[in-house]
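Asks: One structure is given below, represented as structure tokens, and several questions about it will come after.
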Amino acid sequence: MEYENILEVRNLKIIYRTDDGVVEALNGVNLSIAKGKTLGLVGETGAGKTTLAKGIMGLIPYPPGEIISGEILYCGEDLLKFTEKRRRKIRGAEISMIFQDPMTSLNPVMPVGKQIEEVLKEHGRITNEEAKKGAENMLEIVGIPKDRVDEYPHQFSGGMKQRIIIAIALACKPRLLIADEPTTALDVTIQHQVLTLMSNLKREFDTSLLMITHDLGIVAQNCDYVAIMYAGEIVEYGTLHDIFKNYKHPYTEGLFGSIPSLTEDVERLTPIEGQVPDPTKLPKGCKFHPRCKYVQEACMSWDSEMYNISSEHQVRCILYNPERKSIAED
Amino acid sequence: MWRYILKRLLMIIPVLLGVTFVVFMVLSLAPGDPAISILGDKASQADLEALREQLGLNDPILVQYFRYLGNILKGDFGISYKNQLSVIKLVLERFPNTLYIAVGAILFSLVFGIPIGIISAKKQYSFIDNASMVWALVGVSMPVFWMGLLLVIVFSLKLKLLPSSGMGEGFVPLLKSLVLPVVALGSYSLAMIARMTRSSMLEVIRQDYISTARSKGISEAQVTYRHMLKNALIPIITSVGLQFGTLMGGSIMTETVFSWPGIGRLMVESIKSRDIPIVMGSVVFLSVVFSLVNLLVDILYAYVDPQIKSQYKGK
Amino acid sequence: MENIDKKMPEYLEEDIYSERSLMQETWRRLNKSKLAMAGMYFLILLCVLSVVTFVIDVVTDKSFYNEHVIDQDLVNRLKGPSLNHIFGTDEFGRDIFLRIIWGTRYSLFMGIFAIGFAIVIGGIIGAIAGFYGRVTDNILMRFMDILLAMPPMLLALTVVAALGTGLLNVVIAVAISYIPTYARVLRASVLTVKDKEYIESARAVGASNAQIIIRFVIPNSLAPIIVQGTLGVAGAILTIASLSFVGLGVQPPLPEWGLMLSNARTYMREAWHITVIPGIFIMLTILSLNLMGDGLRDALDPRLKN
């Protein structure tokens, strides 16, 4: 089967029904990841990044969460049309995920080796012996001595725990790895170690990577493509170069403007005005317009869509509508 | 692991000694002259005096205590005032009967309580959850003896299915006579354990490692058993340990309702008849048992919780 | 008290103001739980009825009590519920409804009294242990451990065995078995507060130990004491009823609920209403206390504070 993209998300809409109202978590997300490439997904807390990740994995709890519309194409097939059984076959074996906080992401009462064995045994007919060897092997690959295979999570440091989690996620050599803020909870020095490990393994196993983060520095060092997310939508998408050197969306501009610089002498950081919107009461029209420096009358009633800047660079902003002139004239 | 056990055992001993001391002192306050209790109030002064000398009742209280303590350590808990029987013999005769009910009650509460708790947690806010928790709340508020009486009314008097009192002889009659006392005594524990399991499971369900487990593609059942339950069990074990004390208290009531020949009834009757040695012996004996059970629970806990286990591994 | 106000720096006064709003805040949150409120109303109803019985006793010089609650009327024995007697009559022909209402004081009030006693004594012990630390702490806590090494009912039985039966002795027995719980609570509160920085500031302006205990330790420990206290009263009522049931507590002819049940045993066959009804009241009272205790625990949970 010919496919260019490992993963293609089309117009994905996910909501949560809570006591406080309907949370519109994802509002028509589109993105794609090519084979062997890394896509960085950037956004503030609450933008919907984790929901997207869980949606792809199929881990959205059915009440209260609900997938209203959209498609998630994995190697050309829509995952949302799969039975749960089939999705489980993919989960852990072909699409894996690592979560945010390594300190709490491992089962405290199970030896780490067994936790790796678990995923191996689930996705292959292998004997206990083979599973044990596989687990030891993975530990070595992530840089943990294999004689620690029977120890418990609390006996490892944060960085090592994260490496064990990576070992679990990559044990079955998945085609796509989703990493949800994998280094946020770690010290800066450990961060570097873990990221280096991840990029090495990615190359070795030829895995595509969806790297979710709010740290632009990490994006700069690891990603081929970048998607900027705001209030459940992708507002800008492009290559690393496009986004870092030629960003277009006002929100992206705001993100870059609020980074402290080592080289420049800046009097004050310029944060983005306003606050992330309440997901139960999202603004009408462009979801960013209440905070936008360049806001116009038309923004409030705009049916948002993505406009192409170049073949791989897209923006969701009325300012870049090729027919903009005609709107202004009206 | 042995080090841990030894350490805990060493810690219990002074406490148990303290218990014997407190119990002895408190019960010495009991009004009544032991000599009269034994010989009856028609006995002559001379006989009474002689007996008092013989029993060492004229010695200072501390001396009496140490004598008692020394005797206990040799296994001699004294003799009953009323019928001269050996206290320890009586206690050991009756205790197993109480054990039948107590152990039965714990098993009853675990076998039904844990599954109810798990289901309630997994289907939080559903009808099953709400109904079970309401029931559990009621169960926790029902006095054991009332529960027993109600069960007797329904199952013995109206439906005539099960015996209303006494301990059956022979395997089947024994089981039949055990049912009602076990259910009566176990209801409270059942409710507690169901609630405890539910809240423990709810804590565990929210944890990140459950997401990790699910992301491996294993079935929900495996997630529940391997990841949720094993972690939720730890506080439940503690809860069970605490339950044991309540059960011991409750068994006294249950035995009264069902005229069960256990140690609880022995104690109550001895208190009424002012037979102090039996009371003292029973209390000390039961306190030792209670402490040992707590020790067992602690050991079990240490075995299950890897953080403690790894501390003592290979020692 | 005014002198203290003048001496202490401003930010310490905030502690007292936040105390006031804590009560209102707690009340508001408690209101959210219908069950907890239902429990509370039931208890209030019982208390009111019980107070009425006290008034009647005083006004009629106990004659009403004697005539309707104590005296026997064997003609009317074991009658089921009827218009005359809402809950029927017992084996001596006495109206059960009246006996239950008059009996409230032996269960509810005595339970509250026993726990109150335990809180005060246990609290003092715990506070001293926490405050003076080290040796004192060790000795006192070892003693508490000894009390805790006995299952609670066993401890109560021992005291009853020593002191004899009767209302007062039962209350003492129950109180003693709950002392370790409250000693622990107070000790924990003292330890938490002891190391806080505002204590140093308070001492710096000359606050004495007593003032510190009153202004800081007690407010800090109010929350767990209220919760544990409510649940403790439930347990105390159960213990009093249980002891009376086996004949070691309150003695006849007093209308204590557990005692009523023990007499009822003999007549289970013919008249099951005397078994069921007092039991229902015991259960409802304990249930209400449990509901309130749970509700209070949720309402006072610091994690829910904004």
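Asks: Could you say whether any residue in segment B:244-253 is more than 10 Å from chain C (Cβ to nearest Cβ) and buried (at least 20 other Cβ atoms within 10 Å of the Cβ)?
Replies: Scanning segment B:244-253, I find no residue that is more than 10 Å from chain C (Cβ to nearest Cβ) and buried (at least 20 other Cβ atoms within 10 Å of the Cβ), so the answer is no.
Asks: Right, something else. When only residues in segment B:21-65 that are within 18 Å of B:Ile79 (Cβ to Cβ), of a type outside the set (Gly, Ala, Ser) and within 14 Å of chain C (Cβ to nearest Cβ) count, which is surrounded by the fewest Cβ atoms within 10 Å (Cβ to Cβ)?
Replies: B:Leu27
Asks: Spot the failing condition for C:Gly111; the list is (1) more than 14 Å from chain B (Cβ to nearest Cβ); (2) under 14 Å from the mean Cα position of the chain (by Cα), and only one is missed.
Replies: Going through (1) more than 14 Å from chain B (Cβ to nearest Cβ); (2) under 14 Å from the mean Cα position of the chain (by Cα) one by one, C:Gly111 breaks only (1).
To keep it simple, each residue is scored yes or no on (1) under 30 Å from A:Asp180 (Cα atoms); (2) touching a Lys or Arg at 6+ places or on another chain (Cβ under 7 Å); (3) of a type outside the set (Val, Ile, Thr).
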residue	(1), (2), (3)
B:Ile153	no, no, no
B:Lys160	no, no, yes
B:Pro181	no, no, yes
B:Leu185	no, no, yes
B:Met192	no, no, yes
B:Gln207	yes, no, yes
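Asks: Within segment A:104-126, which residues are in a loop (DSSP other than H, G, I, E, B), facing chain B (nearest Cβ under 10 Å) and either without any contact (Cβ under 8 Å) to a residue 12 or more places away in the chain or under 22 Å from B:Val204 (Cα atoms) (or both)?
Replies: At the first step, the residues of segment A:104-126 found to be in a loop (DSSP other than H, G, I, E, B) are A:105-111, A:123-126.
Right, trim to facing chain B (nearest Cβ under 10 Å) and you get A:105-111, A:123.
A:Ser105, A:Leu106, A:Asn107, A:Pro108, A:Val109, A:Met110, A:Pro111, listed by residue number.
Asks: For segment B:80-94, indicate whether the set of residues that are free of Cβ contacts under 8 Å to residues at least 40 places away in the same chain, over 30 Å from C:Trp272 (Cβ atoms), among the acidic types (Asp, Glu) and not in a helix (DSSP H, G or I) is non-empty.
Replies: no
Asks: Report those helices (runs of 4 or more DSSP H) wholly inside segment B:185-272 carrying at least 2 residues which are hydroxyl-bearing (Ser, Thr, Tyr). Spell out the reasoning first.
Replies: Working: elements: B:208-215, B:230-257, B:263-272.
Filter on segment B:185-272 gives B:208-215, B:230-257.
Asks: Which residues, taken from segment A:69-87, are surrounded by fewer than 13 Cβ atoms within 10 Å (Cβ to Cβ) and not charged (D, E, K, R)?
Replies: Matches in segment A:69-87: A:Ser69, A:Gly76, A:Thr83.
Asks: Within segment B:138-149, is even one residue away from chain A (no Cβ under 14 Å), surrounded by fewer than 17 Cβ atoms within 10 Å (Cβ to Cβ) and within 23 Å of C:Ile237 (Cα to Cα)? Give the steps one after another, and end with the answer.
Replies: First, the residues of segment B:138-149 that are away from chain A (no Cβ under 14 Å): B:138-149.
Subsequent filtering for residues that are surrounded by fewer than 17 Cβ atoms within 10 Å (Cβ to Cβ) retains B:138.
Subsequent filtering for residues that are within 23 Å of C:Ile237 (Cα to Cα) retains B:138.
The answer is yes; a qualifying residue exists.
Asks: If you go through segment C:203-251 one residue at a time, how many are crowded, with 22+ Cβ neighbours inside 10 Å and part of a loop (DSSP other than H, G, I, E, B)?
Replies: Matching residues across segment C:203-251 total 4.
Asks: Let me ask you something else. Starting from residues that are among the hydrophobic types (A, V, I, L, M, F, W, C) and either within 10 Å of chain A (Cβ to nearest Cβ) or out of contact with any Gly (no Cβ under 8 Å at 6 or more places or on another chain) (or both), keep the ones in segment B:199-222 and report whichever is surrounded by the most Cβ atoms within 10 Å (Cβ to Cβ).
Replies: Here is the first cut: in segment B:199-222, the ones among the hydrophobic types (A, V, I, L, M, F, W, C) are B:201-202, B:204-205, B:210, B:213, B:218, B:221.
With the extra rule that they be either within 10 Å of chain A (Cβ to nearest Cβ) or out of contact with any Gly (no Cβ under 8 Å at 6 or more places or on another chain) (or both), the set shrinks to B:202, B:204-205, B:210, B:213, B:218, B:221.
On the way: B:Leu202: 16, B:Val204: 22, B:Ile205: 17, B:Ile210: 19, B:Ala213: 27, B:Ile218: 20, B:Ala221: 8.
Once the filter is applied, the top-ranked residue is B:Ala213.
Asks: Being crowded, with 24+ Cβ neighbours inside 10 Å, farther than 14 Å from C:Met153 by Cα and of a type outside the set (A, V, I, L, M, F, W, C) is the filter here; which residues of segment B:256-267 pass it?
Replies: Selection gives B:Gly262 alone.
Asks: Next up: Looking at (1) over 30 Å from C:Gly103 (Cα atoms); (2) surrounded by 19 or more Cβ atoms within 10 Å (Cβ to Cβ); (3) among the acidic types (Asp, Glu), which one does C:Glu200 not meet, given that it meets all the others?
Replies: Against the list (1) over 30 Å from C:Gly103 (Cα atoms); (2) surrounded by 19 or more Cβ atoms within 10 Å (Cβ to Cβ); (3) among the acidic types (Asp, Glu), C:Glu200 comes up short only on (2).
Asks: With more than 20 Å from B:Gly250 (Cβ to Cβ) and in a helix (DSSP H, G or I) as the only criterion, which of B:Leu107, B:Leu157, B:Leu178, B:Leu149 stands out? Outline the logic, then answer.
Replies: Values: B:Leu107 fails: more than 20 Å from B:Gly250 (Cβ to Cβ); B:Leu178 fails: more than 20 Å from B:Gly250 (Cβ to Cβ); B:Leu149 fails: more than 20 Å from B:Gly250 (Cβ to Cβ).
None of the other options fit; the residue is B:Leu157.
Asks: Still on this model: Taking segment C:241-288 as the search range and keeping residues that are of a type in the set (Ser, Thr, Tyr) and within 7 Å of chain B (Cβ to nearest Cβ), which one is farthest from the chain's Cα centre (by Cα)? Let's see the steps before the verdict.
Replies: To start, the set of residues in segment C:241-288 that are of a type in the set (Ser, Thr, Tyr) comprises C:242, C:244, C:262, C:266-267, C:275, C:285, C:288.
After this cut, where a residue has to be within 7 Å of chain B (Cβ to nearest Cβ) as well, the list is C:242, C:275.
Values: C:Ser242: 16, C:Thr275: 25 Å.
For segment C:241-288, the residue satisfying everything is C:Thr275.
Asks: Would you check which residues across segment A:30-44 are of a type in the set (S, T, N, Q) and more than 12 Å from the chain's Cα centre (by Cα) and list them? If you could, list the steps in order and put the result at the bottom.
Replies: So the first thing to find is which residues in segment A:30-44 are of a type in the set (S, T, N, Q), and the list is A:30, A:32, A:38.
Within segment A:30-44, just A:Asn30 meets the criteria.
Asks: Restricting attention to helices (runs of 4 or more DSSP H) lying wholly within segment A:215-330, give those where 1 or more residues are modelled with pLDDT under 85 and within 23 Å of the chain's Cα centre (by Cα). Spell out how you get there, then give the answer.
Replies: Numbers: elements: A:216-222, A:240-245, A:250-257, A:324-329.
Ranges flagged: A:250-257.
Asks: Looking at segment A:134-193 only, could you name the residues that are assigned to a helix (DSSP H, G or I), touching a residue at least 24 places away in the same chain (Cβ under 8 Å) and of a type in the set (A, V, I, L, M, F, W, C)?
Replies: Of everything in segment A:134-193, those that are assigned to a helix (DSSP H, G or I), touching a residue at least 24 places away in the same chain (Cβ under 8 Å) and of a type in the set (A, V, I, L, M, F, W, C) turn out to be A:Ala135, A:Met138, A:Leu139, A:Ile141, A:Ile164, A:Ile165, A:Ile166, A:Ala167, A:Ile168, A:Ala169, A:Leu170, A:Ile190.
Residues are listed down the side, and each one gets a yes or a no for (1) closer than 26 Å to A:Met103 by Cβ; (2) modelled with pLDDT of 90 or more; (3) among the small types (Gly, Ala, Ser):
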residue: B:Leu162; (1), (2), (3): no, no, no
residue: B:Glu169; (1), (2), (3): no, no, no
residue: B:Lys176; (1), (2), (3): no, no, no
residue: B:Val183; (1), (2), (3): no, yes, no
residue: B:Ser187; (1), (2), (3): no, yes, yes
residue: B:Gln207; (1), (2), (3): yes, no, no
residue: B:Glu220; (1), (2), (3): yes, no, no
residue: B:Gln243; (1), (2), (3): no, no, no
residue: B:Gly250; (1), (2), (3): no, no, yes
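Asks: State the number of residues belonging to segment C:211-257 that are of a type in the set (Phe, Trp, Tyr) and closer than 30 Å to C:Asp195 by Cα. Give the derivation first.
Replies: Of the residues in segment C:211-257, the ones of a type in the set (Phe, Trp, Tyr) are C:216, C:245, C:257.
This time we only want the ones that are closer than 30 Å to C:Asp195 by Cα, so: C:216.
Of the residues in segment C:211-257, 1 are of a type in the set (Phe, Trp, Tyr) and closer than 30 Å to C:Asp195 by Cα.
Asks: Which one of these does B:Tyr225 not meet: (1) more than 9 Å from every other protein chain (Cβ to nearest Cβ); (2) modelled with pLDDT under 85?
Replies: The single condition B:Tyr225 does not satisfy is (2).
Asks: Which one is nearest to A:Thr280 (Cα to Cα) among residues in segment A:62-96 that are at the interface with chain B (Cβ under 10 Å from one of its Cβ atoms) and assigned to a loop (DSSP other than H, G, I, E, B)? First the steps, then the outcome.
Replies: Step one: of segment A:62-96, the residues at the interface with chain B (Cβ under 10 Å from one of its Cβ atoms) are A:63, A:84-85, A:87-96.
Filter again for assigned to a loop (DSSP other than H, G, I, E, B), leaving A:63, A:92-94.
Numbers: A:Pro63: 17, A:Gly92: 32, A:Ala93: 35, A:Glu94: 34 Å.
Restricting to residues being at the interface with chain B (Cβ under 10 Å from one of its Cβ atoms) and assigned to a loop (DSSP other than H, G, I, E, B), the top hit is A:Pro63.
Asks: Among the residues of segment B:108-128, count how many are of a type outside the set (S, T, N, Q) and in contact (Cβ under 8 Å) with a residue 12 or more places away in the chain.
Replies: Of the residues in segment B:108-128, 11 are of a type outside the set (S, T, N, Q) and in contact (Cβ under 8 Å) with a residue 12 or more places away in the chain.
Asks: Kindly evaluate C:Glu270 against the criterion of being among the charged types (D, E, K, R) and more than 13 Å from C:Glu91 (Cα to Cα). Don't jump to the end; show me each part of the working.
Replies: Working: among the charged types (D, E, K, R): yes; more than 13 Å from C:Glu91 (Cα to Cα): no.
The answer is no for C:Glu270.
Asks: Given B:Ser291, B:Ser287, B:Ser270, which one is facing chain C (nearest Cβ under 10 Å), within 25 Å of C:Thr266 (Cα to Cα), surrounded by 17 or more Cβ atoms within 10 Å (Cβ to Cβ) and of a type in the set (Ser, Thr, Tyr)? First the steps, then the outcome.
Replies: Values: B:Ser291 fails: within 25 Å of C:Thr266 (Cα to Cα); B:Ser287 fails: within 25 Å of C:Thr266 (Cα to Cα).
None of the others qualify; the one that does is B:Ser270.
Asks: Let me ask something else. Scan segment B:113-136 and give yes if some residue there is more than 30 Å from C:Ile286 (Cα to Cα) and within 14 Å of chain C (Cβ to nearest Cβ), otherwise no.
Replies: To start, the set of residues in segment B:113-136 that are more than 30 Å from C:Ile286 (Cα to Cα) comprises none.
Checked against the condition, which is being more than 30 Å from C:Ile286 (Cα to Cα) and within 14 Å of chain C (Cβ to nearest Cβ), segment B:113-136 yields no hits at all.
Asks: For C:Ala202, state whether it is within 14 Å of chain B (Cβ to nearest Cβ), hydrophobic (A, V, I, L, M, F, W, C) and either closer than 23 Å to B:Pro31 by Cα or touching a Leu at 6+ places or on another chain (Cβ under 9 Å) (or both).
Replies: Working: within 14 Å of chain B (Cβ to nearest Cβ): no; hydrophobic (A, V, I, L, M, F, W, C): yes; either closer than 23 Å to B:Pro31 by Cα or touching a Leu at 6+ places or on another chain (Cβ under 9 Å) (or both): yes.
No: the conditions fail for C:Ala202.
The values are calculated or read from the model by the stated rules, or taken from the named source; none is laboratory data. All figures in this text were calculated on a predicted structure; none of them were measured in a lab. Quick reminder, even Gly has a Cβ in these numbers, built from the backbone with ideal geometry, and neighbours come from all protein chains shown.
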